[in-house]
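Novice: Take this structure, written in C-alpha cells, and hold onto it; I'll ask about it next.
Throughout, read-outs are computed from the coordinates displayed, never taken from laboratory work. Quick caveat, the model's predicted, so the values are computed rather than measured. Here Cβ is always computed from backbone atoms with ideal geometry, including for glycine, and neighbour counts include all displayed protein chains.
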C-alpha cells in the first residue's frame, strides 16, 4: 500500500534521467509525489513509451496499485470512478473516490415519471466552496422481469440524461436487452449471485462491463463468488455484501467493516473491490414514506463513513440528499492540506478609491462564504485574504495564526493603500479582540464588522454608506 | 464516567448516567460490545433568535430556561445540557453569581443528570475569565451533584480542574480539532489531580460542510490511540450535533431539513466514537435514539 512505500523504492524504478517531462525538477521529487498519490505514474512519459522501461513500468504500477481496485463506470465521455482506496481511515492518507450516488428508476414507472426523476437527478446541484455537489448515476431497475420493457425504459433514460447507468436485474436476459441499447458504454451490471453467476459472467465479459457480485449477509459466499468470477477472467468487480435497514443495521455495518478490515489489515485480495450499498432497501415492506426517507438517509450516511464506494438510493428530496452529499464531500476531502485559497487582494465588483476594504482568512469555506455574500449584495469592494494557514477566523485568532502583524503585513503587500483614499479597515466580527492591535500595527482605523458575513450589507449601509466615511480621506491614527 | 448523583450519594438526581468505557472501536460488534452512547438535549439560558424550525418546538420556553428544562425533561434525554452564555459581556453581561440562580432552578426542574457549560466560543476578551468564575461558583454551590462542567481549555483549565476536583464534578475539556492538543490538555488536567474518567473530551464539532471531517478524524485518532494503550487518550468523547442547526443552509431550507442534518451528523459522530451526543431538536433526538436502539450494547 502506498502509505508504507518509500519514495526511494519508487525512485529506483523511474528512469532517473531527471528529464523534467513530468513537470517535476527531478525523478526523486516525482517519486515523492507518486507516493503521496498527488500525480499519476503516466505523467512520466518515457516510462510509458520507451521499451527499455517497460518492465519497471509494470513493476511500478503493481507497487502503486490500491488495495481496493478502482472500477470505472462509463457513458460516452462521462466516467464515474469508484474504489481506488489506499487506506481504512482518512487520516492514514486520504480517501480518494467519493461515494458515487445512484438514484433509481424502475421499469414499472410511467415514461413521464422516469423522465421527471431523471431530470431531477441531473439538475440536482448544490454550490459549496467553489464547486457543485452532484448526484452521479441513474440505476435502472427491472421489477417486471420483461426484457422488452427494460430495453424501452433504458432507452427513455438515455434520451433524458447523459449520466452513466447501473442496470439492475438478476435475469441476464433482461440486462442483455438493456445493454443492447448502450453499445460502447460500460454501465455497472447488478448483479451476479450464487444462482446466476455463470451467465452473468458471460454477459459482463461479452460487453466488457463492470459487474456487481452479490451475496447478501453472506461474506463467505461473496468471497467464493469473487474467486469464481476472477477465474472466469473478470477483473472489474463491485461487491454487494447486502444492505439491510432496521434490525439488519448491525449486520450491514459488520459486513462492510469486516470486508475493509480484511483488505487493509490482512491483505485479503479477493475482497479488494469497491463496495456497493443499497439504502433503497429500506423501501421494501410497508410504512410511512416520511419514515422511509429518514431511514434511508441515516443508513446512507452510515455507509458513506463506513466504506461504501457506491450507493443506490430512492429518495430524491433535497432535504434527504443535501446532508449526504455534504457529508460525502467532507469525508473525501484530503486531510493533508487545509482547504485554502490563495492569500492576496481580491476585487469584488468594480471598486474605486471610495470603496470599503475588508479582510478575511484564506480558509476556503470562510473565503467563499464571505465573497459570495458581498457579491450577491453587489457591493464594490476590496477583500483582503490574509494567510491564516487555511484556518477560519475563530480558529486562527485562537491559534495565533491571525495576528495584528500578519494583517499589517498583508495590507502592506496588497498595495491597497494606493487604491483607496481612505484608511478604514473592516475586520471580521470574530476577530474583534484584535482591533486595538490591528490599529496600532497598521495605522488604519478599524471598524469591527458583523459576526457573520451575511450581516455585511446591513453593516456597510449603516456604518459606511450613510456616514460616507471615505469623505474624510486618509485619516492616519 | 458517572454523571449525576442520587440522594443517597449526596446529590438530588433521579438516576445517574454512565458515559465512556469503550473497549473496541465504535460499532465493531464482531469484536465486542461497547456501552450505549449517551444522548444529551440542550437548554440555553439565552439564545440569539432561534431558527424558525426550532421555534416550532420551543416557542413558549425560549425566554425561560426553567420551562425549557421541563419541556426537555419530558423528551427523556439521558442527560440535560444547560448552556449559560448570558454571562458574556457581549451577550447579556449577567454576573456569574446571578446566573447561578438559573442552574439552581434547572436542577429543580429536572431530576436528570446535568451538564453545565459556560461560553463555548469565547469572542469577548473577558469571556474566559467569566467562564472560570462561573464554573467555580457552579462547582462550589452544587457540590455533590456530580455535574459535568466546562469548558476547560488549554488557555484556561486550572480553575475548573481545581473546583471540579474539590467538589466532586466532571470536566469538559475543549480543544481545537487536533488530537495532540486534546491529549495535551488531558495531561494538564491529570497533573492537576483529575482522573481520566472524570474528563470528557470535546475536540470541537464542525457542522456538515463546516469542517465536520476534521472533527471526525480527530475523534477517530483519539479513540484509536486510547484503545492502543495511550493512557491520556482514554477519556469519553462528546460530539455536538446541534452545531448543525445554526448553519446558513438551514435558514431558508426545506422543512424537515434541520432535524435530518442534525441526525445524520450525529450518526457520523457515533461512527467516529462519540460517547455522548449533544442535540437540540426533539425530532432528531428521537430518530438517533431509534438508530442506537437497533444495535446491541454492553449490558443491554
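Novice: Can you give the Rg to Rh ratio for chain A, taking only C-alpha atoms and Rh from Kirkwood?
Specialist: Details: Rg = 27.3 Å, Rh = 25.7 Å.
Radius of gyration over Kirkwood radius for chain A works out to 1.06.
Novice: Oh, and also: Taking the Cβ of each residue in A:352, A:309, A:236 as the centre, tally the other Cβ atoms inside 10 Å and list the residues starting with the fewest.
Specialist: Values: A:352 11, A:309 27, A:236 21.
Lowest count first: A:352, A:236, A:309.
Novice: Using Cα atoms only, what is the angle between the long axis of helix A:219-231 and the major principal axis of chain A, expressed in degrees (0 to 90) to the nearest 10?
Specialist: Rounded to the nearest ten degrees, it is 80.
Novice: Follow-up question, since we're still on this one. Evaluate the distance, in nm, between pseudo-label points positioned 7 Å from the Cα of residue B:121 and of residue A:59 along their respective Cα→Cβ axes.
Specialist: With each label placed 7 Å out from Cα toward Cβ, I get 5.4 nm.
Novice: Take the alpha carbon gyration tensor of region A:389-463, find the square roots of its eigenvalues, order them as a ≥ b ≥ c, and report rounded if a/c is under 1.5; if not, report prolate when a/b exceeds b/c, else oblate.
Specialist: Values: a/c = 1.68, a/b = 1.03, b/c = 1.63.
The shape class here is oblate.
Novice: Can you give the angle from 0 to 90° between the axis of helix A:318-331 and the longest principal axis of chain A, with both taken from C-alpha atoms, to the nearest 10?
Specialist: The two axes meet at around 80 degrees.
Novice: Could you work out the pair-distance distribution P(r) of region A:2-63 from its alpha-carbon pairs, with 5 angstrom bin width and percents rounded to whole numbers?
Specialist: 4, 21, 36, 28, 11, 1
Novice: Still on this structure: Percent antiparallel among DSSP beta bridges with both residues in region A:344-472, to the nearest 5? Don't jump to the answer; show the numbers that get you there.
Specialist: Values: 5 of 15 bridges.
DSSP beta bridges in region A:344-472 are roughly 35 percent antiparallel.
Novice: Can you divide the C-alpha Rg of chain B by 2.2 N^0.38 Å and report the result to two decimal places? Working shown, then result.
Specialist: On the way: Rg = 17.8 Å, N = 300, 2.2 N^0.38 = 19.2 Å.
Chain B yields a ratio of 0.92.
Novice: Here's another thing I want to ask about it. Measure off 7 Å from each Cα along the Cα-to-Cβ vector at residue B:30 and residue A:17, then give the distance between these two points in nanometres to one decimal.
Specialist: 4.9
Novice: Sticking with this structure for a sec: In nm, give the distance between the simple-model label positions of residue A:143 and residue A:228, each being 7 Å from the Cα along the Cα-to-Cβ direction.
Specialist: 2.9
Novice: Counting other beta carbons within 10 Å of each residue's own, what order do A:32, B:153 fall into, fewest first?
Specialist: Working: A:32 17, B:153 21.
In increasing order of surrounding Cβ atoms, one gets A:32, B:153.
Novice: When all C-alpha to C-alpha distances in region B:62-119 are sorted into bins of 10 Å, what percent of pairs does each bin hold, rounded to whole numbers?
Specialist: Final binned percentages: 23, 56, 20, 1.
Novice: Grab the DSSP H runs of chain B that are 4 residues or longer, score each as -39,500 (n - 2.57), total them, divide by all residues and round the 222 nm result to the nearest 500 deg cm²/dmol.
Specialist: Values: 9 runs with 112 residues, N = 300.
Result for chain B, helices only: -11500 deg cm²/dmol.
Novice: Moving on to the next point. Angle check, please: helix A:54-63 long axis (alpha carbons) against the longest principal axis of chain A (alpha carbons), in degrees 0 to 90, nearest 10.
Specialist: Value to nearest ten degrees: 80.
Novice: Relative to the compact-globule scaling 2.2 N^0.38 Å, provide the ratio for the alpha-carbon radius of gyration of region B:183-264.
Specialist: Values: Rg = 15.8 Å, N = 82, 2.2 N^0.38 = 11.7 Å.
Against the empirical 2.2 N^0.38 Å value, I get 1.34 for region B:183-264.
Novice: Another question, if that's okay. Restricting to Cα pairs below 8 Å that are 6+ residues apart, what does the relative contact order work out to for chain A? Please round to a whole percent. Let's see the in-between values first.
Specialist: Details: 906 pairs, mean separation 51.5, N = 477.
Over chain A, the number comes to 11 percent.
Novice: On each of the three principal axes of the Cα atoms of region A:191-291, give max minus min coordinate, whole Å, ordered largest first.
Specialist: In descending order, the Cα extents are 44, 32, 19 Å.
Novice: Let me ask you something else. Taking the number of other C-beta atoms within 10 Å as the exposure measure, put A:464, A:444, B:297 in order starting with the fewest.
Specialist: Placing the least packed residue first, the sequence is B:297, A:464, A:444.
Novice: Summing -39500 (n - 2.57) over the DSSP H runs of n ≥ 4 in chain A and dividing by its residue number, what mean residue ellipticity at 222 nm do you reach, to the nearest 500 deg cm²/dmol? Walk me through the intermediate numbers first.
Specialist: On the way: 17 runs with 180 residues, N = 477.
Per the formula, -11500 deg cm²/dmol.
Novice: For residue A:466 and residue A:42 in the same chain, what is the full-extension length gain: residue separation times 0.36 nm, less their Cα-Cα distance, in nm?
Specialist: Values: separation 424, 0.36 × 424 = 152.64 nm, distance 5.94 nm.
That works out to 146.7 nm of additional length.
Novice: Continuing with this model, one more query. For region A:139-232, report the convex hull volume of the alpha-carbon atoms normalised per residue, in Å³, without decimals.
Specialist: Values: hull volume 8.5 nm³, N = 94.
Per-residue hull volume (Cα only) is 90 Å³.
Novice: Compute the length gained on full extension between residue A:288 and residue A:25: take 0.36 nm times their separation in residues and subtract their Cα-Cα distance, giving the result in nm to one decimal. Walk me through the intermediate numbers first.
Specialist: Numbers: separation 263, 0.36 × 263 = 94.68 nm, distance 6.13 nm.
Stretched fully, the residue A:288-residue A:25 segment lengthens by 88.5 nm.
Novice: Taking R0 as 30 Å, what's the FRET efficiency between residue A:77 and residue A:111 from their Cβ-Cβ distance, rounded to 0.05? Let's see the in-between values first.
Specialist: On the way: r = 27 Å, r/R0 = 0.89.
Once the sixth-power term is evaluated, E becomes 0.65.
Novice: From Cα pairs below 8 angstrom and at least 6 apart in sequence, can you work out the relative contact order of region A:286-437, rounded to a whole percent?
Specialist: Details: 196 pairs, mean separation 33.4, N = 152.
So the answer I get is 22 percent.
Novice: If a/c stays under 1.5 just call it rounded; otherwise compare a/b with b/c (prolate if a/b is bigger, oblate if not). Do that for region A:316-427, with a ≥ b ≥ c from the square roots of the Cα gyration tensor eigenvalues. Show your work: numbers first, answer last.
Specialist: Numbers: a/c = 2.96, a/b = 1.55, b/c = 1.91.
Oblate, because a/c is 1.5 or more while a/b does not exceed b/c.
Novice: Now a separate question. Assuming R0 = 25 Å, can you tell me the calculated FRET efficiency for the pair residue B:75 and residue A:89, based on Cβ-Cβ distance, to the nearest 0.05?
Specialist: Once rounded, the FRET efficiency stands at 0.15.
Novice: Take the Cβ-Cβ distance between residue B:187 and residue A:354 as r, set R0 to 41 Å, and report the resulting FRET efficiency rounded to the nearest 0.05.
Specialist: Numbers: r = 54 Å, r/R0 = 1.31.
So, using R0 = 41 Å, E works out to roughly 0.15.
Novice: How much of the DSSP bridge set in the protein assembly as shown is antiparallel, in percent, rounded to the nearest 5? Don't skip to the answer; put the middle values down first.
Specialist: Working: 19 of 83 bridges.
Close to 25 percent.
Novice: If a/c stays under 1.5 just call it rounded; otherwise compare a/b with b/c (prolate if a/b is bigger, oblate if not). Do that for region A:70-331, with a ≥ b ≥ c from the square roots of the Cα gyration tensor eigenvalues.
Specialist: Values: a/c = 1.36, a/b = 1.05, b/c = 1.30.
Cα axes put region A:70-331 in the rounded bin.
Novice: I need to check one value: relative contact order of region A:70-331, counting alpha carbon pairs closer than 8 Å and at least 6 residues apart, in percent.
Specialist: On the way: 498 pairs, mean separation 51.3, N = 262.
Here the relative contact order equals 20 percent.
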